[in-house]
1. Mind pulling the angle between the C-alpha long axis of helix 2-20 and the longest principal axis of the chain? Nearest 10 degrees, somewhere in 0 to 90.
2. Provide the net charge surrounding Ile201, with neighbours chosen by a C-beta distance below 11 Å and charges set as Lys +1, Arg +1, Asp -1, Glu -1.
3. What's the extension gain from Lys94 to Thr160 if we count 0.36 nm per residue and subtract their Cα-Cα distance?
4. Can you give the extra length, in nm with one decimal, that the chain gains between Asp342 and Ala145 once fully stretched, where that is 0.36 nm per residue apart less the Cα-Cα distance?
5. So how much slack lies between Ser63 and Glu247, counting 0.36 nm per residue of separation and subtracting their Cα-Cα distance, in nm?
6. Could you tell me the extents of the chain's C-alpha atoms along the three principal axes, largest first, rounded to whole Å?
7. Given the pairs Lys94/Lys248; Lys228/Lys248; Lys228/Lys276; Lys191/Lys295; Lys94/Lys273; Lys94/Lys228, which are separated by over 23 angstrom at their Cα positions?
8. Please give the per residue volume of the convex hull enclosing the alpha carbon atoms of region 151-296, rounded to a whole number of Å³.
Amino acid sequence: MSRTIARILTFLAAIAFVLAGPVPGANASGGDNDDRDGSSGNVYTLTNSAAGNAVIVFARSASGALTMRGTYATGGLGGALGSQGSVVTSDDGKWLYAVNAGSNDLSVFRVDDDALVLTGREASGGIQPISVTNSRDLVYVVNAASRNIAGFTVSHGGLTPIDGSTQPLIGMGPAEISFSPSGRILVVSEKATNSLETFVIGSHGVAGAPTSFPSAGATPFGFDFGRKDQLFVSEAALSSASSYRVEKDGSLTTVSAAVPTTQAAACWLVATKNDKWAYTANAGSDSISKFAIDKDGRIALVQAQAAYSAGAHTTDIALARNSRFLYALDGGTHMISVFRIDADGTLMREPGVVVPAGAGGLAAH
């Protein structure tokens with residue numbers, strides 16, 4: 001009888017536990033670092049030192065605050081960048097890729113919470129790599145001095161060059177390379193020739209020949225994508241931004257042409273994951289501008305100075321993967337500025353952190 005009663009009590013306790021749900025503060029995986037909603041993560045920048053490049057890691061809390069966790073040598077050398085996308089993470093945040101512009105190679109790191117482990121280093125397939133991009137098991141880099149792109153497959157933290165993937169650029173002065181969200185198209189912005197080039201990815205990850213399109217605005221620089229393969233591009237010369245529709249064959253259709261920020265030198269651009277807002281960092285006016293995005297990808301300036309900091313001279317921006325926070329690398333004040341993004345796209349400044357002089361590139365996850 002006592003055994004029967006014990007079994008009944010055990011069964012009832014199990015039922016009560018299931019009905020009660022998880023313990024407050026716990027998560028499904030049983031640990032305290034499960035972050036499925038993207039509320040916390042990391043922010044990365046490069047020292048970009050010519051004597052030895054390194055990645056600086058900052059832990060990002062749920063409130064957006066940054067805490068420096070360490071500096072990790074890439075094994076390569078820093079050099080001239082003038083780009084967006086010199087350091088990027090994989091979509092799942094488990095891998096980080098960094099260019100070494102001074103030694104013509106790429107470094108691969110495994111992300112272990114808020115620490116990095118160098119797992120590979122590979123020649124970039126050209127001279128002066130300035131921007132890198134990743135989609136699934138593919139990595140592509142653009143080399144500024146040799147004016148070409150080159151592709152690699154990723155496996156177990158190493159990079160293997162893809163035969164036939166190296167393609168020349170038609171234009172000059174590349175600023176960024178990035179995969180479209182579908183992973184089928186590569187886009188390269190070219191400052192010196194006011195052009196955008198696209199490459200269709202074929203079988204085995206091989207990029208096809210480039211197709212060049214005139215930029216709607218002068219000096220196309222940084223860019224980002226919407227979820228529907230919409231392309232948003234900043235333009236430095238007249239401080240404007242444009243939007244395009246990326247077709248399946250790699251062609252570009254202009255949606256909004258050279259919308260002015262009314263600021264100076266709009267060089268870097270990010271777009272939120274909900275396809276509502278785009279922001280440009282305007283290096284010449286120490287400001288960040290905010291654009292609204294409609295369902296067709298049209299953009300409209302909402303705030304010319306959504307943020308301003310005297311002497312900031314911002315040299316890159318990045319969004320947390322949940323688009324709740326924007327980070328700005330301010331070269332003039334040697335800071336990473338932190339902004340909370342409200343539901344209406346308003347930027348609310350939070351405390352920032354100091355970075356070394358000369359730091360370049362910015363990524364967040």
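1. Helix 2-20 sits roughly 30 degrees off the main axis of the chain.
2. On the way: positive: Arg136, Arg184; negative: none.
Its environment carries a net charge of +2.
3. Additional length available on full extension: 21.9 nm.
4. 66.9 nm
5. Full extension of this stretch gives 62.4 nm more.
6. On the principal axes, the chain reaches 88, 46, 42 Å in Cα extent.
7. On the way: Lys94/Lys248 29 Å; Lys228/Lys248 11 Å; Lys228/Lys276 12 Å; Lys191/Lys295 28 Å; Lys94/Lys273 19 Å; Lys94/Lys228 25 Å.
Table pairs above 23 Å Cα-Cα are Lys94/Lys248; Lys191/Lys295; Lys94/Lys228.
8. Numbers: hull volume 16.8 nm³, N = 146.
Per-residue hull volume (Cα only) is 115 Å³.
The values are calculated or read from the model by the stated rules, or taken from the named source; none is laboratory data. Just so it is clear, the model here is predicted, and its values are computed rather than measured. With ideal geometry, Cβ positions are generated from the backbone for all residues, glycine too; neighbour counts draw on all protein chains shown. Surface accessibility is based on the protein's heavy atoms, side chains included, excluding ligands, DNA and RNA. Shrake-Rupley method; radii C 1.70, N 1.55, O 1.52, S 1.80 Å.
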